[in-house]
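Read through the structure below, which is laid out as structure tokens, and then see the notes.
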Amino acid sequence: MRAASPTVAVAGFEVADPPESWTRAGFTVDADATTRVGGVSIGLVGREHGTGIVGWSLRGVPTDLHDLDGVATTSSDRPPASPATHPNGVVRVDHVVLLSPDLARTVDALAGLGLRPRRERDGELGGQAIRQVFFRLGEVIVEVVGAPHTAAEGPSTLWGLTYVAADVEATAEAFGDRTSPVKDAVQPGRRITTLRHREFGMSVRTALISPPILGA
């Protein structure tokens, strides 16, 4: 096992989108093409780097860690970002989905950093059985998703981001038909909607969820 600090946390993501696409979606983007959501920085590096989430930075990991089960990874010693105010009402990152072709392998990679699952859940995606394994990395939950009984070659990928919206119903109403209908989330007492991200020129699957219920 590689040595890691007792607290591994997500510091930021790199996304291969142009800044203007996120501005159209109601995110405040700084002059350096970074948006600050809660304590997490999201760098918008442009289409020349591909599409989607192309990497992340983590606190509390070895400085020579550059790949975590296929995900480009950078060690960060920067303090949490100062939260920006966003017109779309988001206040922090709730969770990121990490799609794995080999669930056991990905869980082992996270265990190599001293991380342990908080909980597991079996479900279905596209008619196929899946298992979700949840880790907490600072203020961000990492939801590892994969087939429970089969394994394939290839890297894991950071697939999508879900943000906490202070008032998800009001946010969805402001977006109009560019979000899906607000519905009950899997988490008890919470509500969720999906942003039609492509209509803004974004390549990252994006959802908005109501704040956690205290004590739930």
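The values are calculated or read from the model by the stated rules, or taken from the named source; none is laboratory data. Since this is a predicted model, take the numbers as computed values, not measurements. Every residue, glycine among them, receives a Cβ derived from its backbone with ideal geometry; neighbour counts consider all protein chains shown. Remember, those area values only see protein heavy atoms, side chains included, never the ligands or the DNA or RNA. Shrake-Rupley method; radii C 1.70, N 1.55, O 1.52, S 1.80 Å.
Worth a mention:
- Note on the chain: antiparallel DSSP beta bridges, both residues inside, total approximately 70 percent of the bridges counted.
- Considering only the range 44-135, percent of DSSP beta bridges that pair antiparallel, nearest 5: 70
- Candidates 148, 18, 80: whichever shows maximal mean-square fluctuation once the chain is modelled as a Gaussian network with Cα springs under 10 Å: 148
- A straight chain from residue 63 to residue 78 at 0.36 nm per residue would run longer than the Cα-Cα distance by 4.1 nm.
- Summed side-chain charge close to residue 84 - residues other than residue 84 whose Cβ falls under 9 Å, Lys, Arg +1, Asp, Glu -1: 0
- Heavy-atom accessible area per residue - the chain, 1.4 Å, Å²: 49
- Global form of the range 23-164, assessed from the alpha-carbon gyration tensor, a/c cut-off 1.5: prolate
- Percent accessible area from carbon and sulfur atoms, the chain, protein chains only, probe 1.4 Å: 53
- Within-15-Å neighbourhood charge of residue 19 [Cβ basis; K, R +1; D, E -1]: -3
- The range 84-160 - share of DSSP beta bridges that are antiparallel (%, nearest 5): 75
- Under a Gaussian network description of the chain, with springs only between Cα atoms under 10 Å, the residue in 14, 124, 143 that fluctuates furthest is 124.
- Most mobile of 123, 89, 60 in a GNM of the chain (Cα contacts under 10 Å): 123
- Simple Cβ-charge dipole of the range 15-117, Lys/Arg +1 and Asp/Glu -1, about Cα centre, in debye nearest 20: 320
- Only Lys, Arg (+1) and Asp, Glu (-1) charged, at Cβ; the range 103-186 dipole about Cα centre in debye: 380
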